[in-house]
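For reference, the structure discussed in these notes is given below.
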Amino acid sequence: DLGAGHIYLNPVYKSPTNHRYNVDDYYQIDPILGNMSDLLSLSDAMKERGMYLIFDIVFNHTSTNFQPFVEAVNNGDSPFREWYYFLTGKNNTDLPYECFKNHLPMPKLRISNPEVSDMIMDVLQYYGRSLNISFFRYDVADSMDINAMAKIVDEMRKKLPNIRHMAEVWCNPFFFTNSGVYDSAMNYEIRDNIIS
């Protein structure tokens, strides 16, 4: 009745924090929010009303509870070490691995790793085939490998052609949309201009 056509959901995945941008498990809804059945019910109710989801996707980083990261930390020979950027003896830093804004609970994923790319595509298809999604909104898109994301998004356009792809960037968004990788961007720059 308000004339809203979309609902934008922040991350719904299982996570140790209330913001849920550090994901423990991409395939489990955080119990504090409900479960997959609840999310499907919401999506169905929205579809009946001609509404769509903008679904927040977090692939720049995970939580330290994410199982591949746990294995990478506990086993120096684990292939999952290649999923992240471990920095021991590199880059003049005290950090053991790259992370979101030097925040250790959010280790940065190596998007260009083929296994990580496959995992990302699997997660996108899992939600994209189940829910009435119009946009995947990629958290901190400007921090992710743009070439790897171009391949992932191109593949998703073939598999799920009705879903669009939105970049969350805090800089000028035109590179991300004009490059053809993303269909849209969250334009914080115009927000800042309006506020000022």
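Find the residue count for segment 171-194, including only residues that are among the aromatic types (Phe, Trp, Tyr) and either touching a strand residue (DSSP E or B) at 6+ places or on another chain (Cβ under 6 Å) or open to solvent by less than 70 Å² (accessible area, probe 1.4 Å) (or both). Within segment 171-194, residues that are among the aromatic types (Phe, Trp, Tyr) and either touching a strand residue (DSSP E or B) at 6+ places or on another chain (Cβ under 6 Å) or open to solvent by less than 70 Å² (accessible area, probe 1.4 Å) (or both) number 3. Selection within segment 75-92: residues that are of a type in the set (S, T, N, Q) and open to solvent by 50 Å² or more (accessible area, probe 1.4 Å). The member of this set that is modelled with the highest pLDDT is ASN75.
For every residue, the table says whether it meets (1) among the β-branched types (Val, Ile, Thr); (2) open to solvent by less than 80 Å² (accessible area, probe 1.4 Å); (3) touching a helix residue (DSSP H, G or I) at 6+ places or on another chain (Cβ under 9 Å).
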{"position": "TYR8", "(1), (2), (3)": "no, no, no"}
{"position": "VAL12", "(1), (2), (3)": "yes, yes, yes"}
{"position": "TYR21", "(1), (2), (3)": "no, yes, yes"}
{"position": "TYR27", "(1), (2), (3)": "no, no, yes"}
{"position": "ALA45", "(1), (2), (3)": "no, yes, no"}
{"position": "ALA72", "(1), (2), (3)": "no, yes, yes"}
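In this structure, does SER112 turn out to be open to solvent by 50 Å² or more (accessible area, probe 1.4 Å) and under 19 Å from PRO11 (Cβ atoms)? So SER112 does not fit the description; no. Restricting segment 160-170 to residues that are out of contact with any helix residue (DSSP H, G or I) (no Cβ under 6 Å at 6 or more places or on another chain) and not aliphatic (A, V, I, L, M), the residue that is surrounded by the fewest Cβ atoms within 10 Å (Cβ to Cβ) is PRO161. Listed by position, the strands (runs of 3 or more DSSP E) inside segment 101-196 whose residues that are at pLDDT 95 or above and among the β-branched types (Val, Ile, Thr) number at least 1 are 133-138. Can you confirm whether ASN22 is touching a residue at least 60 places away in the same chain (Cβ under 8 Å), closer than 19 Å to HIS103 by Cα, in a loop (DSSP other than H, G, I, E, B) and of a type in the set (S, T, N, Q)? For ASN22, the condition - touching a residue at least 60 places away in the same chain (Cβ under 8 Å), closer than 19 Å to HIS103 by Cα, in a loop (DSSP other than H, G, I, E, B) and of a type in the set (S, T, N, Q) - is met. Against the numbered list (1) closer than 25 Å to ARG129 by Cα; (2) part of a loop (DSSP other than H, G, I, E, B); (3) hydroxyl-bearing (Ser, Thr, Tyr), THR88 comes up short only at (1). Of the residues screened, ASP56 is not one that is open to solvent by 80 Å² or more (accessible area, probe 1.4 Å) and either part of a strand (DSSP E or B) or on the phi < 0 side of the Ramachandran plot (or both). Among residues of segment 30-56 that are over 14 Å from GLY128 (Cβ atoms) and without any contact (Cβ under 8 Å) to a residue 40 or more places away in the chain, those with a Cβ under 9 angstrom from a residue that is open to solvent by less than 30 Å² (accessible area, probe 1.4 Å) and in a helix (DSSP H, G or I), sequence gap 6+ or separate chain, pair up as LEU33/LEU39.
The values are calculated or read from the model by the stated rules, or taken from the named source; none is laboratory data. Here the structure is a predicted model, which means the values were calculated and not measured. Every residue, glycine among them, receives a Cβ derived from its backbone with ideal geometry; neighbour counts consider all protein chains shown. We work out accessible area using only protein heavy atoms, side chains counted, and drop any ligands, DNA or RNA first. Shrake-Rupley method; radii C 1.70, N 1.55, O 1.52, S 1.80 Å.
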